[in-house]
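Working notes for the structure below.
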Ligand code: HEC
């Protein structure tokens, strides 16, 4: 396979290559003086990223309750009776199709009652 069919296109390609090389040599020199990097410090708002604690319930909640919304969706609710948390977890599972194993539903409801239960 021949890359260049005749002398005319060969010259054309070489000219393009030469201009490209010159261009690459010039651009870094020009931009080096125009670009000055500064360091900025930004304070981001804090939020509840995960459910607190290390219990089985906290682990289950962190495993099954954070894939669609943040922990804040739960933590910002008012304190609720345990039965209401159970309804809520079942609603997530049955209505919204959260993939919560059957044996984890009451574990999570107990946990939510322990951190946000209405006594
Ligand atoms: C499959 C996705 C999904 C998962 C997983 C999920 N949720 Fe939800 N959750 C939703 C949707 C959708 C809403 C409604 C959001 C809206 O109304 O804007 C919601 C809303 C909520 C609310 C607000 C009250 C309400 O009923 O709308 C609470 C509390 C809540 N979820 C708790 C949980 C808990 C606890 C878990 C883990 C057991 C969980 N969610 C897991 C989808 C999910």
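Taking other Cβ atoms within 10 Å as a rough exposure proxy, 50, 89, 107, 42 sort from fewest to most as 42, 50, 107, 89. In terms of packing, defined here as the mean over residues of other Cβ atoms within 10 angstrom, the peptides 99-106, 60-67, 80-87, 33-40 line up highest first as 60-67, 80-87, 99-106, 33-40.
What order do you get for 43, 88 when you list them from fewest to most C-beta neighbours inside 10 Å?
Numbers: 43 5, 88 16.
So the residues, fewest neighbours to most, are 43, 88.
If you look at the Cα atoms of segment 56-116, you get an Rg and a Dmax of 10.2, 26 Å. Between residue 102 and residue 35, how high is the FRET efficiency from 1/(1 + (r/R0)^6) when r is the Cβ-Cβ distance and R₀ = 41 Å? Nearest 0.05. With R0 = 41 Å, the Cβ-Cβ based efficiency is 0.10. Extension gain for the segment residue 95 to residue 70, taken as residue separation times 0.36 nm less the Cα-Cα distance, is 7.2 nm to one decimal.
Going by C-beta contacts inside 10 Å, put 113, 54 in order with the fewest on the left. List each step's numbers first, then the result.
Working: 113 20, 54 7.
Result, fewest neighbours first: 54, 113.
A simple spin-label model places the labels of residue 88 and residue 63 2.1 nm from each other, with each point 7 Å out along Cα-to-Cβ.
Read-outs: derived from the displayed coordinates by stated rules, not from any lab. Everything numeric in this text was worked out from a predicted model, so none of it was measured. Every residue, glycine as well, gets a Cβ built from its backbone with ideal geometry; the counts of neighbours run over all protein chains shown.
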